Amino acid sequence: MRLYDAIQANRDWVSPELGVGEPIIKPLGIDDVPIVTVTLWTRDPARGAYELEQAAHAAEIELKRIAAPAKSAPSVALAARCG
């Protein structure tokens, strides 16, 4: 409820003319929250965001191959950063 209350308390920051819809807040269970976050980065200026994104997608596919609970697939959170 604290998240919902905080969002509603700050709704006046968004102008009605922007066409922004109501936020959707869904409760999550413990299995819906990633327990590992991986950040990919490179010091090599010749490599860019595209190469890091490709590496992230390959890693995501391999991580999803790991045996998951019967109810859901594992949640994978990957981020790529250049520089």
message: Report the gain in length on full extension from W13 to E62: 0.36 nm times residue separation, minus Cα-Cα distance, nm rounded to one decimal.
response: 13.5 nm
- request: Subtracting the Cα-Cα distance from 0.36 nm times the residue separation, let me have the gained length for V20 to V36 in nm, one decimal.
  value: 2.6 nm
query: Considering amide H positions built from the backbone, and no H for Pro or chain starts, which residues 5 or more places from V38, or on another chain, come under 5 Å of its amide H?
result: A77, A79
task: With θ set to phi - 60°, apply the Karplus curve 6.51 cos²θ - 1.76 cosθ + 1.60 along the range 40-45 and write out the HN-Hα couplings as whole Hz, x wherever there is a Gly or Pro.
output: 9, 8, 9, 8, 6, x
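Laboratory data are not the source of any read-out in this text; all were calculated from the coordinates shown. Note that the coordinates shown come from a computational prediction; the quantities given were computed from them, not determined experimentally.
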